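Written below as structure tokens is the structure these notes are about.
The values are calculated or read from the model by the stated rules, or taken from the named source; none is laboratory data. Bear in mind that the values here come from a model prediction, so they are computed numbers and not experimental data. Virtual Cβ from ideal backbone geometry, glycine too; neighbours counted across all protein chains shown. Quick note on the areas: whole protein, heavy atoms, side chains included, nothing else; ligands and nucleic acids left out. Shrake-Rupley method; radii C 1.70, N 1.55, O 1.52, S 1.80 Å.
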Amino acid sequence: MKTFGLIGHRLGYSFSRNFFTEKFAEENLPEHEYVNFELDSIDEFPGIFDGDKTICGLNCTIPYKQQIMPFLDEIDAEAAQVGAVNTVKITTNDGKRHLKGFNTDVYGFENSLRPMLEEKHKKALILGTGGASKAIKHILNKLQIEFVSASIEDQLFEKEIRYNQITDELLKEYLIIIHATPIGTFPNVDKCPDIPYQSITSDHVLFDLVYNPEETLFLKKGKAQGAKTKNGLEMLHLQALRAWEIWNS
């Protein structure tokens, strides 16, 4: 049996487990399984290997995308640059286990966002400054798109602003708005980030990392103003497929 799995805290519904369980069935891989590893602390991570030498690959979700890094033997250059890992490839040589970390979120985000962009999309506003924003910032830098992040934290860092600084004038310049917080996730579907939606136009692109519900209130408000919108489901599919490629390479 080859085991793959997801490292997280309170996982509940798991996109990854459903995705890979279906994939294994479609590809007739009965000796493959995908399980959730719910950890109360990242210190419990080494224990998942106790008595089980079949784990071949892992996905990693919040809050452990950064915390898992010291437990790895090697980190891919791009993941190191991003500062977060969401995929771990596990190989064994002469009985010694080797763990290498990757970040497939960057692949998923870039290939989901890029088709939405036009020449006019030169500046982006990121809503949120948590771990999910790390891959976003990496790709925006790669695409040479200027960005600022809206933060609710006490201390502001470089390229960060308060939500009350998101003005009508700012949104005239920042035509890409990327939502990278859990606000609006099921069951709290009646909530959305506090921004001046009346200033959104048909020139804007709104991207929400949330995928449940399929259309958040954030996206609904943007669509009502004529903006192009997309949720995070395609990004999830793309990052999962990239993880599968890495595990099989």
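Observations, loosely collected:
- LEU6 long-range amide H proximity, modeled H, under 5 Å: VAL35, ASN36, PHE37, ASN59
- Sorting 11-19, 136-144 by average packing, meaning the other beta carbons within 10 Å per residue, from highest down gives 136-144, 11-19.
- Accessible surface of VAL189, taken over heavy atoms with a 1.4 Å probe and every protein chain present, rounds to 60 Å².
- Average accessible area per residue (Å²) across the chain - probe 1.4 Å, nucleic acids and ligands excluded: 51
- Note on ALA25 and ASP203: the model spin-label points, each 7 Å out from Cα along the C-beta direction, lie 4.8 nm apart.
- Here the sum of -39500 (n - 2.57) over DSSP H runs of 4 or more residues, divided by the residues of the chain, equals -8000 deg cm²/dmol at 222 nm, to the nearest 500.
- Segment 1-92: GluC sites (Glu not before Pro) falling in loop per DSSP and having at most 13 other Cβ within 10 Å: GLU27, GLU31
- Sparsely packed chymotrypsin sites (Phe, Trp or Tyr not before Pro) within segment 140-249, loop by DSSP, other Cβ within 10 Å at most 11: PHE157
- Surface share of carbon and sulfur [accessible, 1.4 angstrom probe, percent] for segment 53-124: 48
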